[in-house]
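Beneath this line is the structure, given in structure tokens, with notes to follow.
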Amino acid sequence: MQGASRAGTGRSMPHVRRRMLVTLDVPEPDVRVALTSVLGATDIEGGSQRLAIPQLPHGHVDLLVTVGPGSGGALVEIEGCTDFSIPFFAWALRPLVHAQLRRAVAHVASSVRAAALREPLPRSPASVLGLPATAFDRRQSALLATASAATAIAMFGGALYGQFADFIARSFGASDATLGVTLAVTRIGVLVSLLATALSDRLGRRRLVLFSLAGVCITNGLAAAAPSLAAFTALQVLSRGFINTTGVVAAIAAIEEAPEGARAFAAAMLGLAGGFGYSFAVLALPLGDMSTESWRIAFVLSGVSIVFLPRIARNLVEGTRYNAVLDSDVVRGQAREVFRRMYGRRFLLLGLIGFFASIFNAPSAQLMNRFLADERGFSGLDITVFRGVTSALPGIFGLLLAGRLTETYGRRRVAAISMLIATSTQMVFFLGRGPTIWFAATVSVVASAASGLALATLGTELFPTEVRGTSNGMLVVVSVAGSALGLVIAGVLSDPVGGLGVAIALCGIGSLVAAVLLVPLLPESRARLLDEISPSQVAPPPGSSG
């Protein structure tokens, strides 16, 4: 993210630097003229020889140029620096920032040479995959990083029941049908998330994220000691509500604060953070092989993750867009606003898409490990390896690719095509054997990441700030209703149709229909201002993304 350190400002030493020396067989005065007249450089230290290039390739770095005499011409020193620093994920993004810095310095070197020799200037380099093409300011960067950290913790807690479903069922002596019903019952927690996400319009995004994240950790910690399946399920009802709320409200906060041209990037980063948390749940799977009750250790870990809450609270800020609504007289969180004028049709389409997709996605995700164990003979370690190979890297690649594709080709097109591919290949996975399931699962994960990102971005963009939490909460309710129905159908059909795999595959029919008939009817939001897409009753704050 952006964080440039200008010379003479007295700010701290930059965390990342890159220097390059260029010798030009051109007189020093000619190089200076080329810098100022062609490249638009300005003298930032009076009459000194230190110059700054004001137009940065992507706004991620500060570029300074020093010109001095060299043997037979001019010696040009180009320095790139950044005081890049964000909470939680600086360790992951710093190598990308360094690569961007190296690319930017090399571009300036080529530009200086071309300008001095009166040759055509080179094209600006593309941003490094994984960094936004549009610069974030420090506040936007911190909000996105902190929302991503909260999402990672919540998704780790949310993935545990699905990953350990087979072990939990064996511990409590539950059948496929019973497991499917209990997984469906936990979806009642959507009522908690409906209330909480709607309250995020009234009480603020920050407060609801912190409250819900604490709820995830506490309920999962208590679930580790559940004496019966009924008690465990009751706690998971609450946990599921808090998980949904954390994910939805954190996404709203980050996406509505993101700059124009980077909303899909923000959604991609949140998706990567969720996948990061999910991966820890997958890595914990071998714990289930230790003993009948060892699955409880994973839930203890989720409870202990509450230690991160104070740091998240320190770094999580309320967005400028929501603050503008908060300071106005506009009534926030009115459900009827979601169904008025143009928003009603959008809600209907997104609701139907989410409902039909969830009928397939829920049993596909929640019952996959049981399918692999019972019908394909996988052990806990086998499942960990399989999920790592087919989900971890492919999922990251899918999200990074989707961030670029949705900003280039549009949310609607990417969502329709990727949803169709994801559903069909996942159906093949549940019906296939041998190498086929590895290939099908990998392709499905990449496509699912793309469709999920595109639809999640649309879900935030297509409603105004004052009801963005309410609308998304209601959409979650509809999707969870589809999840519950899909889990029940898969569990009930597993015996009559000859196995859990066939039953889950049949649930994908509705998702195929949604991809072909419903997604193309959604409005396109690419390259449009947020307040043009979904006009708020409050003017966007100065300097906001909309």
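The values are calculated or read from the model by the stated rules, or taken from the named source; none is laboratory data. In this text, all values refer to a predicted model and were calculated from it rather than measured experimentally. All Cβ positions, even for glycine, are placed from backbone atoms using ideal geometry, and neighbour counts span all protein chains on display.
Some observations on this one:
- Tabulated pairs, the stretch 263-284, first among the hydroxyl-bearing types (Ser, Thr, Tyr), second surrounded by fewer than 24 Cβ atoms within 10 Å (Cβ to Cβ) and part of a helix (DSSP H, G or I), C-beta under 6 angstrom, 6+ apart or interchain: SER279/ALA392
- Any hit, the stretch 438-446, residues being surrounded by fewer than 23 Cβ atoms within 10 Å (Cβ to Cβ), touching a residue at least 12 places away in the same chain (Cβ under 8 Å) and over 23 Å from ARG376 (Cβ atoms): no
- Count of residues meeting criterion [closer than 29 Å to ALA169 by Cα, surrounded by fewer than 19 Cβ atoms within 10 Å (Cβ to Cβ) and not hydrophobic (A, V, I, L, M, F, W, C)] in the stretch 360-418: 7
Listed here are the residues, each with its yes/no results for (1) surrounded by 18 or more Cβ atoms within 10 Å (Cβ to Cβ); (2) more than 22 Å from GLY398 (Cβ to Cβ); (3) not assigned by TED's automatic domain parsing to the domain that holds ILE86.
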position: VAL97; (1), (2), (3): yes, yes, no
position: ALA104; (1), (2), (3): yes, yes, no
position: PRO125; (1), (2), (3): no, yes, yes
position: LEU129; (1), (2), (3): no, no, yes
position: PRO132; (1), (2), (3): yes, no, yes
position: ALA142; (1), (2), (3): yes, yes, yes
position: ALA145; (1), (2), (3): yes, no, yes
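- Pair list, Cβ < 6 Å and 6+ apart or interchain, from the stretch 101-115 residues that are over 22 Å from ALA135 (Cβ atoms) to residues that are in a helix (DSSP H, G or I): ALA115/ALA34
- Residue within the stretch 274-287 that is among the hydroxyl-bearing types (Ser, Thr, Tyr) and assigned by TED's automatic domain parsing to the domain that holds GLY398 present: yes
- Scanning the stretch 376-387 for residues that are assigned to a helix (DSSP H, G or I) and under 14 Å from ILE437 (Cα atoms) gives ASP382, ILE383, VAL385, PHE386, ARG387.
- Residue that is assigned to a strand (DSSP E or B), over 30 Å from ALA254 (Cβ atoms) and modelled with pLDDT under 75, where the choices are LEU51, LEU75: LEU51
- Residue match in the stretch 55-63 (condition: in a strand (DSSP E or B), modelled with pLDDT under 80 and charged (D, E, K, R)): yes
- Residue pairs whose Cβ atoms lie under 7 Å apart, sitting 6 or more positions apart in sequence or on different chains, and linking a residue in the stretch 16-42 that is in the same structural domain as VAL76 (by TED's automatic domain parsing) to a partner that is surrounded by fewer than 18 Cβ atoms within 10 Å (Cβ to Cβ) and assigned to a loop (DSSP other than H, G, I, E, B), are ASP25/GLY72; VAL26/LEU117; GLY40/PRO54; GLY40/GLN55; THR42/PRO54.
- Check on ASN369, farther than 24 Å from GLY434 by Cβ, assigned by TED's automatic domain parsing to the domain that holds PHE463 and either in contact with a strand residue (DSSP E or B) (Cβ under 8 Å, 6 or more places away or on another chain) or not aromatic (Phe, Trp, Tyr) (or both): no
- Among the residues of the stretch 495-534, the ones that are in contact with a helix residue (DSSP H, G or I) (Cβ under 9 Å, 6 or more places away or on another chain) and not in a helix (DSSP H, G or I) come to 14 in all.
- In the stretch 226-268, the residues that are farther than 30 Å from LEU143 by Cβ, in a helix (DSSP H, G or I) and not aliphatic (A, V, I, L, M): PHE232, THR233
- Residue list for the stretch 233-261, restricted to those being hydrophobic (A, V, I, L, M, F, W, C) and crowded, with 24+ Cβ neighbours inside 10 Å: PHE242, ILE243, VAL248, VAL249, ALA250, ALA251, ILE252, ALA253, ALA254, ILE255, ALA258
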